[in-house]
Amino acid sequence: MFKVLLLVVAIATIQGTPILYDILDISYAPSTEMVINEGQTQMFRAALCNRNFIDKWIVDVDLFLQNVQWDSAKVGDDNWLQLKVSNKPDMSNVVCTNEIGGPGTSQTPERRCAPFIYDKTKWGEKADLYVSVTARSGTPTYQYGLNVLLTKPGRHTAVNVKEGTSGAVAGPPVRNLPLNELEQVAIPFPSELPVSLTGQYILPFCFDEGNDERRVQVATLVRDDVDQGAGGLATYLCTQNQVDPSKQNECFRSVVKRSGEAFYDASGAKVNALSPVISKNNYGVMYALILAQGDYGQKIKFTITAKLRKPMEHTISDGHSTKVEKLMSCMKGKEAKRDEL
């Protein structure tokens, strides 16, 4: 067995074939903190166009309040937000709710829905995930956060999770409300590669066909627990049109380089930060090819994160830092500090 493993690594070294293939979990959230008034309802959409990659994944939908305590029953307040999830834009088919025992019960509502399994064949052809949030009457104004998390099976800790539509109930249609698009952020993913070898990671972002181009931000960081002299990384981004379907959708560095420097960072630094604009003809799943660089025989531990920016936001100098931008800034600061040592 050990000889076979050595042979696989040797072939990968010669041919440049990735020795590791994996996929990142995806989180959907508003681009900023949300504000809602009592009695008001707000609507959101999480785009799910890459159904083949997220089929049978587990979905969690969570809320949190920032300015008041959730359901302050001790002082007689009614501080909570009603959460509903549906596979229909008018919310007429409620897949889950945060009210224990169903709508109208007297029990304290949860901050989340029970996790459920997304099954592309049962969810509905070309159907996305829709969320409605309604503010109760305990406080005039609420500041809140919303998060939709899609997790690959095997990484989730929940047991006996049911398919999402199996317990769906009919709900009153919601009409004439603006639909807020949720931003897509990859959950930071830890990985490890031997020096001179590559790994390939799927970024299952869903691009909206209604926009001519979108910006993707990807950051890779050698982890803090690694010896400072161990080495760094080179990062290459492939669109769906650039990979080779006959070879496990392999991303080739030579192909990426023809797309321009925005799509790769071959510096070997401990921090790589990319921010290319993806045109409509290249929409689809993206792939990050990571090459470990450093002293021969060493292993490089690192973390990958990525974000699909909202439409029409093509610059990062708009005075409003996003989570990924802050992470990139932090990464660069750590890199500069290490260089000073």
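The values are calculated or read from the model by the stated rules, or taken from the named source; none is laboratory data. Please read these numbers as outputs of a predicted model, since none were measured by experiment. Here Cβ is always computed from backbone atoms with ideal geometry, including for glycine, and neighbour counts include all displayed protein chains.
For the range 229-275, which residues satisfy the criterion of being of a type in the set (Lys, Arg) and touching a helix residue (DSSP H, G or I) at 6+ places or on another chain (Cβ under 6 Å)? Answer for the range 229-275, where residues must be of a type in the set (Lys, Arg) and touching a helix residue (DSSP H, G or I) at 6+ places or on another chain (Cβ under 6 Å): just Lys270.
Which one is modelled with the lowest pLDDT among residues in the range 196-218 that are part of a loop (DSSP other than H, G, I, E, B) and farther than 25 Å from Asp119 by Cβ?
We begin by selecting, within the range 196-218, every residue part of a loop (DSSP other than H, G, I, E, B); these are 196-197, 204-212.
In the following step, the residues that additionally are farther than 25 Å from Asp119 by Cβ were identified as 196-197, 210-212.
Working: Ser196: 95, Leu197: 96, Gly210: 80, Asn211: 85, Asp212: 90.
So, considering only residues that are part of a loop (DSSP other than H, G, I, E, B) and farther than 25 Å from Asp119 by Cβ, the one modelled with the lowest pLDDT is Gly210.
For the condition under 22 Å from Leu221 (Cβ atoms) and buried (at least 19 other Cβ atoms within 10 Å of the Cβ), Ile290 qualifies.
If I ask for residues that are in a strand (DSSP E or B) and touching a residue at least 40 places away in the same chain (Cβ under 8 Å), which ones from the range 232-264 would you list? Give the steps one after another, and end with the answer.
The first filter runs over the range 232-264 and keeps only residues in a strand (DSSP E or B), leaving 232-238, 244, 250, 264.
Gly232, Leu233, Ala234, Thr235, Tyr236, Leu237, Cys238, Glu250 - these are the residues of the range 232-264 that are in a strand (DSSP E or B) and touching a residue at least 40 places away in the same chain (Cβ under 8 Å).
For the range 146-169, filtered to residues that are over 19 Å from Asp25 (Cα atoms) and assigned to a loop (DSSP other than H, G, I, E, B), the residue that is modelled with the highest pLDDT is Ala168. Just so you know, in the range 133-145 the residues that are within 19 Å of Gly171 (Cβ to Cβ) and surrounded by fewer than 21 Cβ atoms within 10 Å (Cβ to Cβ) include one that is modelled with the highest pLDDT, and it is Thr134. Is it true that Ile58 is surrounded by fewer than 21 Cβ atoms within 10 Å (Cβ to Cβ) and hydrophobic (A, V, I, L, M, F, W, C)? Taking the combined requirement at face value, the residue does not satisfy it. Filter the range 178-195 for residues that are surrounded by 14 or more Cβ atoms within 10 Å (Cβ to Cβ) and assigned to a loop (DSSP other than H, G, I, E, B); which is farthest from the chain's Cα centre (by Cα)? Going through the qualifying residues, I end up with Val195.
Residues that are under 19 Å from the mean Cα position of the chain (by Cα) and surrounded by 16 or more Cβ atoms within 10 Å (Cβ to Cβ) occur at least once in the range 155-166. Does Asn87 meet the test of being within 23 Å of Val169 (Cβ to Cβ) and either surrounded by 19 or more Cβ atoms within 10 Å (Cβ to Cβ) or out of contact with any His (no Cβ under 7 Å at 6 or more places or on another chain) (or both)? Considered against the rule, which asks whether it is within 23 Å of Val169 (Cβ to Cβ) and either surrounded by 19 or more Cβ atoms within 10 Å (Cβ to Cβ) or out of contact with any His (no Cβ under 7 Å at 6 or more places or on another chain) (or both), Asn87 comes out as yes.
Rundown of residues vs (1) more than 27 Å from Glu250 (Cα to Cα); (2) modelled with pLDDT of 95 or more, yes/no style:
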| position | (1), (2) |
| --- | --- |
| Met1 | no, no |
| Ile14 | no, no |
| Asp25 | no, yes |
| Trp57 | no, yes |
| Val68 | yes, no |
| Val75 | yes, no |
| Leu81 | yes, no |
| Lys88 | yes, yes |
